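Student: Can you keep this structure in mind? I'll have questions shortly.
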Amino acid sequence: MAAESAPAPAGEPGAASSEPLPPGLYLVGTPIGNLEDITLRALRVLRGVTLILAEDTRHSRRLLDRYGITTPLLSYHKFNERARADDILRRIRAGESLALITDAGMPGISDPGARAAVAVRAAGLYVTVIPGPSALSAAAALCGATRHDGFVFAGFLDHKTAARRRRLRELAGGGTPVVIYESTHRILKLFAEVAEELGPDRRLFVARELTKKHEETVVGTPAELQAHYATHSRKGEFVVILLPAD
């Protein structure tokens, strides 16, 4: 028996585009690098909402300008998301529709957004997602990690060395790939920690600058990767997949 899709709310893409979007929170995925990686539905929602909550309004303005979107912006980031909660609920109750975007990828995936989604849902108000790009799914697809029985997403490790090492040991015990986000400033430190905690032969898949002009993927042991990045650019965010020991 074929599954049936729920009808689109009035004003949502799939319904008449001339109707206003219903009050609520719209979590919108945005490109992780290439600005062409945005859906038609995302563009329609960003044009149709009352207000866009953006992690960095200056960064997001480049995307909106590219597509001629003039919807007002309001900052929403990890340092003010708790303080914004009451205002978000007040606006939705007053009939406003709010989109929430981050600098890149899906809100709530190692980015602000989860707190707002929980608060709006707990208040009995409308919240939905407009799916889009994610470094997590992009790297997993490139790696072929799903040929195993799924994968574990660990996000960013703690900045503190002891906590990072403890977390690596916890994550690496099974036979499932582990996806980690890491910054350019700590990537060499991560390689060293993997070698010391999990062994020098543990192999890693590394993706850098996904969807951008200088996209790069490398597979190797910690020592091989350290040697590679001693002579190659470490610009941009990294997605590292800890491959199973076998």
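Student: I need the peptides 65-72, 130-137, 212-219 ranked by packing, meaning the mean over residues of other C-beta atoms within 10 angstrom, with the highest value on top.
Tutor: Top of the packing list down: 130-137, 212-219, 65-72.
Student: In vacuum, with every alpha carbon of the range 24-130 counted as one equal point scatterer, what does the Debye formula give for log10 I(q)/I(0) at q = 0.12 Å⁻¹? Two decimals, please.
Tutor: Rounded to two decimals, the profile gives -0.34.
Student: Same structure, new question: Over the Cα atoms of the range 13-84, what is the Rg over Rh ratio if Rh follows Kirkwood?
Tutor: 0.96
Student: Between beta-carbons, use under 12 Å as the cut-off and find the net charge around V240, counting Lys and Arg +1, Asp and Glu -1.
Tutor: That sum, taken over residues with Cβ under 12 Å, equals +2.
Student: Can you tell me which aspartates and glutamates have their Cα less than 15 Å from the Cα of K212? Leave out same-chain residues fewer than eight positions away.
Tutor: E36, D37, D103, E237
Student: Ordered by residue, what ³J(HN,Hα) values in Hz, to whole numbers, does the range 101-107 give under the Karplus form 6.51 cos²θ - 1.76 cosθ + 1.60, where θ = phi - 60° and Gly and Pro are x?
Tutor: Whole-Hz 3J(HN,Hα) from phi for the range 101-107: 10, 10, 4, 6, x, 9, x.
Student: To continue, here is another question. How much length is gained if the chain between E36 and A162 is pulled fully straight, taking 0.36 nm per residue apart and subtracting their Cα-Cα distance, in nm to one decimal?
Tutor: Extending this stretch completely gives an extra 41.3 nm.
Student: Just to confirm the filter: which trypsin sites (Lys or Arg not before Pro) across the range 124-170 are DSSP coil and have at most 13 other Cβ within 10 angstrom of their Cβ?
Tutor: K160
Student: Just the Kirkwood number for the range 135-242, please: inverse of mean 1/r across all distinct Cα pairs, in Å, one decimal.
Tutor: One over the average 1/r among Cα pairs gives 13.8 Å for the range 135-242.
Student: About the Cα centre of the chain, how large is the charge dipole given +1 on each Lys and Arg Cβ and -1 on each Asp and Glu Cβ? Please answer in debye to the nearest 20.
Tutor: 560 debye
Student: Towards the positive end of the charge dipole of the range 24-130, with charges on Cβ (+1 Lys, Arg; -1 Asp, Glu), say which of I38, G105, V120 has the farthest Cα.
Tutor: V120
Student: Let me have the 222 nm mean residue ellipticity of the chain computed from DSSP H runs of 4+ only, each contributing -39500 (n - 2.57), with the sum over all residues rounded to the nearest 500.
Tutor: That calculation yields -10000 deg cm²/dmol at 222 nm.
Student: I'd like the per residue volume of the convex hull spanned by the Cα atoms of the chain, given in cubic angstrom.
Tutor: Once divided by residue count, the hull of the chain is 155 Å³.
Student: Which semi-axis lengths, in whole Å and largest first, follow from the square roots of five times the eigenvalues of the Cα gyration tensor of the range 88-163?
Tutor: For the range 88-163, the semi-axes come out at 30, 17, 11 Å.
Student: How big is the charge dipole of the range 24-130 about its Cα centre, in debye rounded to the nearest 20, if each Lys and Arg gets +1 on its Cβ and each Asp and Glu gets -1 on its Cβ?
Tutor: Computed charge dipole of the range 24-130: roughly 260 debye.
Every read-out reported here was derived from the displayed coordinates using simple, explicitly stated rules and does not represent laboratory data. Keep in mind it's a predicted model, so treat the numbers as computed, not measured. Here Cβ is always computed from backbone atoms with ideal geometry, including for glycine, and neighbour counts include all displayed protein chains.
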